[in-house]
């Protein structure tokens, strides 16, 4: 498990991004598309949380744990490397310590890190590294 290289930013939209967790077979009915400048009841009806979208009947998750064994097998605890682990280590899931998984804990969207964004300066830095490596290889 590796730490995620994406930056997670608060989702300011009405619907959470659950594209890694599952798919919606129908569109969710929203009474408004805006968060501001609309009646309170309409805004509350249209705003969904992670739990409310997961409970909708036409949301079909990709991965579901069948029982407690599935949850235990996905923990971060490794008995071959850890000796005398604490009780909470046996149930600690990877997403709670910052590893990227298919589950989403908070209503956030993924934003690529500045290193992953394709810019001229990043491209020149990469080409310069490639040039240095090829020059040393030629010697």
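The values are calculated or read from the model by the stated rules, or taken from the named source; none is laboratory data. Being a predicted model, the structure only gives us computed values, none of them experimental. Every residue, glycine among them, receives a Cβ derived from its backbone with ideal geometry; neighbour counts consider all protein chains shown.
Can you tell me which residue within the range 101-122, out of those that are exposed (fewer than 13 other Cβ atoms within 10 Å of the Cβ) and assigned to a strand (DSSP E or B), is modelled with the highest pLDDT?
111
Against the condition within 17 Å of residue 11 (Cα to Cα) and at pLDDT 80 or above, how does residue 49 come out, does it pass?
Considered against the rule, which asks whether it is within 17 Å of residue 11 (Cα to Cα) and at pLDDT 80 or above, residue 49 comes out as yes.
Out of (1) at negative phi; (2) out of contact with any strand residue (DSSP E or B) (no Cβ under 9 Å at 6 or more places or on another chain), what's the single condition that is false for residue 17?
Looking at each condition in turn, residue 17 falls short on (2).
Mind checking whether some residue in the range 89-100 is closer than 22 Å to residue 10 by Cβ, surrounded by 12 or more Cβ atoms within 10 Å (Cβ to Cβ) and touching a strand residue (DSSP E or B) at 6+ places or on another chain (Cβ under 8 Å)?
Yes, the range 89-100 contains at least one residue that is closer than 22 Å to residue 10 by Cβ, surrounded by 12 or more Cβ atoms within 10 Å (Cβ to Cβ) and touching a strand residue (DSSP E or B) at 6+ places or on another chain (Cβ under 8 Å).
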